[in-house]
Amino acid sequence: MTQLGIKGLATQIQRNSVTRLLCTLVLSSVLLACGTGPLQKGPLEPAPDMFGQTDRSAEQYLAQAEQAPEPDAFSWRALAIRAWLQQGNVGAAEPQLARLRQQATLAQRPLVALLDSAAALADGNTGLADQRLAAVDNTVLPPSAASYYLLLQANRFEQQQQPIDAAKMLIERQSLLDGQEQNAGLERIYQLLTQASPLALRRAQNTGNSEPVNGWLRLMAIVNNTEVDPGQRRWQLQSWRHAYPDHPGHRYLSDSPGPVMTLASYQPTHIAVLLPMTGKLAEQADAIRNGILSAHQGQSSRVSFFDTHGRDMVGLYQQIQQAGADFILGPLLKEDIDALSSLDPAIPVFALNNPAYQPVLPHRYYFSLSPEAEASEAALHMWEQGHHQPLVFAPDNELGRRVAAEFNTRWQQQSGSPAILAYFNNQQSIESDVRRALDNGNAGVTSGVAAGIGVIRGSIEAVPPAGPIDSVFMVSNSTETRFILPYFDFVRDSRAARLPTYVTSRSYVPGGEPPMSELNGLRLADMPWLFGGAPQLMEEVETLWPTVGSSWLRLFAFGYDALTLIPQLTQLRDNAPAVPALTGELSLNERGVVQRRLQWMEYRNGEWLPAEY
């Protein structure tokens, strides 16, 4: 073959090789274009919810992030981080987290904080996760992020062996989930709460929980208690069903619901009264006891008194059961009420105080003579009298602030605007305290603290004043009232008409004593019983106990009304009209708490007379 022929063959072979190479490259490109791996190119996909379900690999999410513009790239990257964390691969997630921390806008920083918290949990560092979650304001998160926040909190509590707290987070999360996720959430809630003891579940119930949370805790305290008497268990479950008719926990009850629990009038045959008959409150308990016995005269039922002083409530309740009592009146002390409630007694209970936690149950009732309730009544009455800007003047102590706060809460419910709250410390500073209260209040000052007085307007928010002060509510006893009132007259102008001034039972002074001119015009709310509401009964009491004072008489009336009210409790709970009684006009709210409308009187020349408005 000639040299030219050899060259032509070599050229032909070279051309064929190039052609094959090009075909191979084209084919590879086509195959890559058809693939579904992380190198896929094509139309941009909208970013899904970054806190929704993760159903792809982290690499696929990251590939989408590299193609997408902001803010979609942020969402894709967040999903990649979550996918890695779900696999426990914190190391792979960390570089992407660092990138998000640098790029995040102000609005995105809480979302990055959630991912940082999730990374700490995936790494087993619950303490760091707790710190990071505590820094997140979950109230400003969008729903899906808020759901993720609650899930992280639940995971943290579960890692810390706190199943009740974990379940509480999941219960609050339920409203943010759809149907299928809700079912899975319910199963996890149930499984978590089956790990807790009945005692722990009962103790976890409180006013800080939502109703669904308290419903779950109460239900599982019943379900987990395998030692309870079957009859009491049936009562407890019926009571729970009545109190929580739409609760999702119904699906976990295998017991037959039995007959529907009805609230017929109580006609107890044996009433167990729980009072501290010995100890430092024995005198007060004796007054209540005498009121109960007086109201019980002529009735066929039996009344037994049980001393709660120094007694364990478990043993005391067993004693009540052995005695065959079918109704409990009392206890008097809040801690005893809480201890009895934790036992979930299978008979009606009419407690003689208002504990912090009052479960809404069909056979639980509460009655008290609390100063907070009287302050609430005063706020309602003053609103009904047409006042628009009251000044509350209270001692700067725990009681004074608590009562003032209760007045303010009720006033805002009625008027939509806060009262002016002012506090005093001692007699030496009264004049300056009154002056600052009136001056600051009439100037519409929203906050201020000076020389023992704090003048605030109900909340941190600046609220426009409703106008100048047109009335005063004094949280004071009778001695303080007599001392303070003249200063209000002096500071304003002794020639000007006194601001309408209202007080409650703590300022009561008995009628018939030498007139106290400084009290003229004072308006006081107290029991009708002290103003001639039941003259024949008062005559009997004064014959039997001639030396008792007004405090003893109030407690006597309290016990008298408590026993008298028992047959009327269910009707009152169904919105029956208020019942005239010794302690006031009595009604019940939806929680079974007795509400009192007091009698308003005006002091004139040594006597309390019906108020003239």
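The values are calculated or read from the model by the stated rules, or taken from the named source; none is laboratory data. Note that the structure is a prediction, hence the values are computed from the model and not measured. Cβ placement follows ideal geometry from the backbone for every residue including glycine, while neighbour counts extend to all protein chains displayed.
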Name the one entry in GLY231, GLY215, GLY208, GLY185 that is on the phi < 0 side of the Ramachandran plot, assigned to a loop (DSSP other than H, G, I, E, B) and not acidic (Asp, Glu).
GLY208
I'm told ALA497 meets every condition in (1) in contact with a helix residue (DSSP H, G or I) (Cβ under 8 Å, 6 or more places away or on another chain); (2) surrounded by fewer than 17 Cβ atoms within 10 Å (Cβ to Cβ); (3) aliphatic (A, V, I, L, M) except one. Can you identify the failing condition by its number?
(1)
Name, by its number, the condition in (1) over 23 Å from GLN568 (Cβ atoms); (2) charged (D, E, K, R); (3) crowded, with 17+ Cβ neighbours inside 10 Å that does not hold for ARG289.
(1)
Can you report the number of residues in the stretch 265-286 which are closer than 16 Å to LEU352 by Cα and buried (at least 16 other Cβ atoms within 10 Å of the Cβ)?
11
If you go through the stretch 594-609 one residue at a time, do you hit one that is part of a helix (DSSP H, G or I) and either in the same structural domain as ALA394 (by TED's automatic domain parsing) or without any contact (Cβ under 8 Å) to a residue 60 or more places away in the chain (or both)?
no
Condition first: of a type outside the set (A, V, I, L, M, F, W, C) and part of a helix (DSSP H, G or I). Can you find one or more residues in the stretch 350-369 that meet it?
no
Determine whether SER304 is surrounded by fewer than 17 Cβ atoms within 10 Å (Cβ to Cβ) and of a type in the set (Ser, Thr, Tyr).
yes
Is one or more of the residues making up the stretch 78-86 at negative phi, in a helix (DSSP H, G or I), touching an Asp or Glu at 6+ places or on another chain (Cβ under 6 Å) and modelled with pLDDT of 90 or more?
no
Write out, first by first residue and then by second, each pair whose Cβ atoms fall under 7 Å of each other, whose residues are 6+ apart or on separate chains, and whose first residue, in the stretch 393-409, is on the phi < 0 side of the Ramachandran plot while the second is charged (D, E, K, R).
ALA394/ARG401; ARG402/GLU372; VAL403/GLU372; GLU406/GLU372
Please work out if LEU293 is assigned to a helix (DSSP H, G or I) and in contact with a strand residue (DSSP E or B) (Cβ under 8 Å, 6 or more places away or on another chain).
yes
